[in-house]
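A short worksheet on the structure shown next.
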Amino acid sequence: MSSFDLHVHTIYSKDGLNSPRTLFKTMRKKGLRGIALTEHWYPALRHVIEKDERFILPACEFKSTDYGEVIGIFINEVIKNRTFEEIAEDIHAQGGLVILPHPRDPTRKYTAIRKGLPDEIISKHVDLIEGINSRCIIDLFNKRAQKLAKRLNKPMTAGSDGHTYFEVGNARTWLQDIDTAEDIYSRLRRGQTQITGHSSMFIWHIPTMLWMRVRRIAYDAWKK
């Protein structure tokens, strides 16, 4: 079995502190075979990067105009932020997979539960549901996400939603018999996953929130 963190951010996300240059080093230290680089809005990668039998997977966390956030994994083209269904259709048109992140976390503004994402759309357009997200500060939110996945008969993924080094790997998706990126894609597409993980300490949310504000102030000053 190989472990993957399928929800990671770097400095290319507005609130990320991870350096892209250290990702393979981080994976080695934490015993991960791969991560999905789920930057906000626009994908940072167009193809899989492989090194020493470890993988960085192209992905993106989109913010739809109606029903909140959605992750596309194994995508290779930029997708415009439109409705949830349109983004999901664009992901599938590229041969990618649709993951519904942190669907039962009411503390975040752009989640399925806050935006009222209907079960019918999940059933039709979502391939996998994130059953464990380490940035869910209350474990009950993850348990409810798992309950949703089981009720709709959807396989689950786990991701740390890590914005710092200390968070990466706190939630893991386990896949069996992985030698190539095609194996990863195949296991996810078939829903052959197992998940483990725990919540990250809330203290790691604070520097990322401060960093986001600093970048916003700097951007506003630059525009003037």
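What follows draws every value from the coordinates through simple rules; no lab data is involved. Keep in mind the model is a prediction, meaning the values are calculated, not measured. Using ideal geometry, Cβ is built from the backbone for each residue, glycine included, and neighbour counts are taken over all protein chains shown.
Averaged over all directions, how much area does the convex hull of the C-alpha atoms of region 2-223 cover when projected, in nm²? Spelled out: convex hull of the Cα atoms, projected over all directions, averaged, 11.3 nm². Residue by residue, region 132-140 carries 3J(HN,Hα) couplings of 9, 10, 5, 8, 6, 6, 10, 4, 4 Hz when phi is fed to the Karplus relation 6.51 cos²θ - 1.76 cosθ + 1.60 (θ = phi - 60°); x denotes Gly or Pro.
Ranking Phe62, Ser19, Ile73 by Cα position along the charge dipole of region 2-223, where only Lys, Arg, Asp and Glu carry charges on their C-beta atoms, puts Ser19 farthest toward the positive end.
Under 5 Å between amide hydrogens, built in the peptide plane, is the criterion, and for Thr157 it picks out Ile129, Glu130, Gly131, Ile132 among residues at least 5 positions away or on other chains.
Each of Gly95, Asn170, Gln192 was placed along the dipole of the chain (beta-carbon charges, centred on the mean Cα), and the one lying farthest toward the positive end is Asn170.
Modelled spin labels at His198 and Lys150, positioned 7 Å past Cα toward Cβ, are 2.2 nm from each other. Summed over all non-identical Cα pairs, the Kirkwood treatment of region 137-192 gives a radius of 13.0 Å. Arrange Phe74, Phe166, Phe4 by Cβ neighbour counts within 10 Å, fewest through most, would you? Lowest count first: Phe166, Phe74, Phe4.
Between exposed GluC sites (Glu not before Pro) in the chain, where DSSP calls loop and at most 16 other Cβ atoms lie within 10 Å, what's the longest gap? Please list the in-between numbers first.
Details: sites that count: Glu53, Glu77.
No qualifying site falls inside 78-224, the longest such stretch.
Determine the dipole magnitude for the chain: charges of +1 sit on the beta-carbon of Lys and Arg, -1 on that of Asp and Glu, nothing else is charged, the reference point is the Cα centre, and the result goes in debye to the nearest 20.
Values: 35 positive and 27 negative charges, 159 e Å.
Once rounded to the nearest 20, the dipole reads 760 debye.
Quick check on the exposure proxy: order Thr65, Thr164 from fewest to most C-beta atoms within 10 angstrom.
Working: Thr65 13, Thr164 19.
Final ranking by Cβ density, sparse to dense: Thr65, Thr164.
Residue order for Ile113, Ile99, Ile79, fewest other beta carbons within 10 angstrom first, comes to Ile113, Ile79, Ile99. Full extension of the chain between Asp179 and Arg46 yields a length gain of 45.8 nm, computed as 0.36 nm times the residue separation minus the alpha carbon distance.
Quick one: length gained pulling Thr65 to Ser186 fully straight, 0.36 nm per residue minus the C-alpha distance? Going from the current span to full extension adds 40.6 nm.
Only loop residues by DSSP count here, and only those with at most 12 other Cβ atoms within 10 Å; note down the trypsin sites (Lys or Arg not before Pro) in region 17-53 that meet that. Those satisfying the criteria are Arg46. Near Ile195, the amide H atoms lying under 5 Å from its own belong to Trp174; only residues 5 or more places off or on other chains count, and H is placed 1.01 Å from N.
Taking 0.36 nm per residue of sequence separation and removing the Cα-Cα distance, the Asn76/Ser123 pair yields an extension gain of 14.5 nm.
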